Amino acid sequence: MPGHLLAPADCAVVTRDWGSAWHVQGDLLLPAERAWQHFSLVMGERLPIAFQFMTKVGDRVRGNMLEPTAMEVPVAGSVSNAVMPAPVVHNPRARKLRSAVWQDFTKERRADGNCVAVCNHCKKQLTATSRSGTTHLRNHLVICTTTSTRRAGKRRKLVVRRILQNKSSVDGRSGEGHASGEDNDNEGTHFDQELSRRDLVHMIVQHGYRFSIVDDVGFQKFVKNLQPQFRMVSCDTVRADSMEIYAGEKLKLHDVLFKIPCRVSISVDMWRSNTQMEYMCLTCHYIDHANDEWKVRKKILNFVHMEAPFTLDQMVNLIVEKLQSWGIDRKVAAVVLDNCNGGEIVARELLRVLQPRRLLLNGELFQVRSCAHILNLTVQESWEQASDITNRVRKMINYVKFERFQKFQDISKVLHMDQKLLVVDSPDNWPSTYLMFDSACYYHDVLVRLTEQEGHYDVFLSASDWADVKALTEILDVVYHAMEKFPVENPTANLYFNEMCEIHVLLKTWSKSPCTVVAKVADQMLSKFEGYWNLTRPVMAFASILDPRYKMKSLEYFFRLIYSDEQFTAKAMIDVIQNTFHNLYNDYKHQSSDSWKNPSVLCYSRNSSSCMGSMYSNGDDSKTFSRITLSDARRGLDQYIQETSSGQSLKSDLEMYLEEAVYRQKEGNQDNFDILGWWKSFAAKYPVLSQMARDILAIPVSIIPLDSEARTLNEYLSTMDPSTVQGLVCAQDWLREDPEVVAGSGGHGDVGAPRGDELIVVPK
């Protein structure tokens, strides 16, 4: 045997002779004592060199299965490069190195049998046992700054694993996965091109980015480093996928609107592109009670191009056509036409086409105006009475800013005035006029001192002029800060009834002012306010009655203040509102008189086609049923008891509601009261009133309408065809409340807030 290679047959003999004597110790395969002595006689001093290759790879050896591998054995004192098979343990549980980190490391086994991971760049050795994981290897790559690494300029690529729905999602369970820093060998996690492509288009649509962002070199480089496997799509593909998202989201919204058991309100706004193309924006407002939670929703239904010139009849027909296509033409509660030319005519024609018998109180509540629009028109159309004093203030401010500003600043410093902007207003924009008057009153002492030094100029105001300015500023201040209180989120109709009544009281007081200009302005404002307010007052009064904090109390208190000189008028107005509210309640009660016969209405099911588990689909073995809560069933029981107990002397839920004391919060700001949460909790006690609340509180009288400048498409959208504009505007609005985005934000992100290069800014 000296001087030649051990043949495979010889190794087989060795294995057969001493195989039963081997035993496991740690990660080494060691022979028994007697086998060691016998083998030493045969192999001589070469034994330690040969035996160092007899190690196993894996966790543990099962049985005595040995596989021959090649090993070098020095013969006769000389080192030979000859290769001979050596016994290696076969481990059926051994796994492949699947982690991407092994692209930068090589796994080697040391003489003592332990495995190490050798960095391919700096040659540093780190542990690589089966229990050590790969996190420390990743951390090393972050700090590995060898010369060769810097010269190569190699970037570590983060392999983004896309989590697909695993098998559990097929059998009804939500298979949720998450990416972590560890390279867990999960078979259900892998990169998905189509899923990534869909998310990319969702991002572009939701945040209003340009389609051409996919052609930007910087963006392509970023995506390549983030996920090298992703194949970038073209601009045309993004456009096509965006329209597919629009079509898919439209079907979802159509299904929601078809199933909701409540009425909806609509608002119509006219938009314009930079190329003077007219668009009509049709928006739907309703209260969604999905997931057993009442929330105000606002959804843009259509953003339609209007071919110029178009008539009001064409607009009416288009609105009706869109309402019918969405299946809500018989569910309309009210319409807001603040930003629509000829709104009175459009409302009258819509009322005729939609048929009053299908509407609340035969259409008496059909057209309403938003509070912000009422106040804006009230001031804008009345300020002509103060045009003279406004022009004089504007002339004085302009003179000071452009002719005597340095002297103005010097006097301000002498009087220790804090710096505040000296505003010059924009004509036909009363909020800027208020800011100009307010800044002038703030610098009153400075301007009076400047007048004393330069009294020969007629641009400065006299003492009587200053009295008029301060009185007018008080009027504008009340309206301006009332407008500031209007929220940007979707509000309920009950919020600003008290504020509007307070303004009504103040206008009547100001109209009797001894100051001539103040009396003229206030009297004109009062006339305009009452004209617009009479249209919306019934809806807001009903919303106030449905507010458990006030019920009839606000109505009684403010009407007696408003008509303090005519107590008979105040009582008559209160009676009219109360009687009309009772009539509306009776209409709802009549509509729900047969509801106990209809399980879907009785249980307030989210699926109108079924309710209880016994309501199965017909003609199919795979029976499905709507999932409802116990509270839903209890609401149905309460309603059934009331409906079938007419012979008994029971009070209606309206009578019980009005007789009970108003609700007072134990602590906290009254403005934070969750009225929808209250009605959700008491829906079982007041079944008919809760249906009324769901319809009335959703009427958008508390929204802030956009002015004409804000209702202009940006340059990017203005260059697109109308169908693409509608798809992007609607899809962007629908994706604002994407549940995946909400869940991923951790509850801290404002999904609805404009971000980045928004396509349009739509009021929420």
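Within segment 436-470, restricting attention to residues that are among the charged types (D, E, K, R) and touching a residue at least 40 places away in the same chain (Cβ under 8 Å), which residue is surrounded by the fewest Cβ atoms within 10 Å (Cβ to Cβ)? I'd like the intermediate steps shown before the answer.
Of all residues in segment 436-470, those among the charged types (D, E, K, R) come to 438, 445, 449, 452, 454, 458, 465, 468, 470.
Now narrow it down to the ones that are touching a residue at least 40 places away in the same chain (Cβ under 8 Å): 454, 465, 468.
Numbers: E454: 13, D465: 16, D468: 21.
For segment 436-470, the residue satisfying everything is E454.
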Practice item. Would you mind finding the one in Q324, Q314 that is farther than 30 Å from L676 by Cα, modelled with pLDDT of 90 or more and of a type in the set (S, T, N, Q)? Key: Q314
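Are any residues in segment 284-310 on the phi < 0 side of the Ramachandran plot, without any contact (Cβ under 8 Å) to a residue 60 or more places away in the chain and either surrounded by 15 or more Cβ atoms within 10 Å (Cβ to Cβ) or polar (S, T, N, Q) (or both), and if so, which ones?
So the first thing to find is which residues in segment 284-310 are on the phi < 0 side of the Ramachandran plot, and the list is 284-290, 293-310.
Checking which are without any contact (Cβ under 8 Å) to a residue 60 or more places away in the chain leaves us with 284, 288, 306-310.
C284, D288, M306 - these are the residues of segment 284-310 that are on the phi < 0 side of the Ramachandran plot, without any contact (Cβ under 8 Å) to a residue 60 or more places away in the chain and either surrounded by 15 or more Cβ atoms within 10 Å (Cβ to Cβ) or polar (S, T, N, Q) (or both).
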Check your understanding: Do the conditions hold for Y532, that is, is it hydroxyl-bearing (S, T, Y) and under 25 Å from L421 (Cβ atoms)?
Key -> no
Exercise for review: Tell me which of these L435 doesn't satisfy, since it passes every other one: (1) assigned to a helix (DSSP H, G or I); (2) closer than 30 Å to R694 by Cβ.
Suggested key: (2)
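If the requirement is being closer than 24 Å to T516 by Cα and of a type outside the set (V, I, T), which of these qualifies: H444, H416? I'd like the intermediate steps shown before the answer.
Values: H416 fails: closer than 24 Å to T516 by Cα.
Of H444, H416, the one residue that is closer than 24 Å to T516 by Cα and of a type outside the set (V, I, T) is H444.
Just the residues that are part of a helix (DSSP H, G or I) and surrounded by fewer than 20 Cβ atoms within 10 Å (Cβ to Cβ), please, taken from segment 681-708.
Of the residues in segment 681-708, the ones part of a helix (DSSP H, G or I) are 681, 687-696.
Residue satisfying the conditions is S681 alone.
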Study note, to complete from the structure: Within segment 551-560, of all residues that are surrounded by fewer than 20 Cβ atoms within 10 Å (Cβ to Cβ) and in contact (Cβ under 8 Å) with a residue 60 or more places away in the chain, the one farthest from W679 (Cα to Cα) is K553
Review point. Which of the residues belonging to segment 238-255 are without any contact (Cβ under 8 Å) to a residue 60 or more places away in the chain and surrounded by 15 or more Cβ atoms within 10 Å (Cβ to Cβ)?
Key: V238, D241
Review point. Quick one: which of L561, L535 is modelled with pLDDT under 95, within 21 Å of V505 (Cβ to Cβ) and more than 37 Å from the chain's Cα centre (by Cα)?
Key: L561
**Study point:** Those residues of segment 709-739 which are outside any helix (DSSP H, G or I), buried (at least 19 other Cβ atoms within 10 Å of the Cβ) and either touching a Leu at 6+ places or on another chain (Cβ under 9 Å) or in the same structural domain as V205 (by TED's automatic domain parsing) (or both), in sequence order
**Key:** L713
Point to revise | Residue pairs meeting the criteria (Cβ under 8 Å; at least 6 apart or on separate chains; first touching a residue at least 24 places away in the same chain (Cβ under 8 Å) and in the same structural domain as A386 (by TED's automatic domain parsing), in segment 417-429; second β-branched (V, I, T) and surrounded by 12 or more Cβ atoms within 10 Å (Cβ to Cβ)) | key: M417/V446; L422/I397; L422/V400; V423/I397; V424/I397; D425/T390; D425/T433
Review point. What residue, of A440, A482, is more than 30 Å from V296 (Cα to Cα), part of a helix (DSSP H, G or I), small (G, A, S) and assigned by TED's automatic domain parsing to the domain that holds V539?
Key: A440
Review point. If you go through segment 421-435 one residue at a time, do you hit one that is buried (at least 17 other Cβ atoms within 10 Å of the Cβ) and among the hydroxyl-bearing types (S, T, Y)?
Key: yes
Point to revise | Condition broken by C501, with the remaining ones in (1) hydrophobic (A, V, I, L, M, F, W, C); (2) modelled with pLDDT of 95 or more; (3) in a loop (DSSP other than H, G, I, E, B) satisfied | key: (3)
Practice item. Considering only residues that are part of a helix (DSSP H, G or I) and hydrophobic (A, V, I, L, M, F, W, C), look in segment 406-420 and name the one that is surrounded by the fewest Cβ atoms within 10 Å (Cβ to Cβ). Key: V414
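The values are calculated or read from the model by the stated rules, or taken from the named source; none is laboratory data. From a predicted model like this one, the values you see are computed outputs, not experimental measurements. Cβ sites come from the backbone with ideal geometry, for glycine too, and all protein chains shown count toward neighbours.
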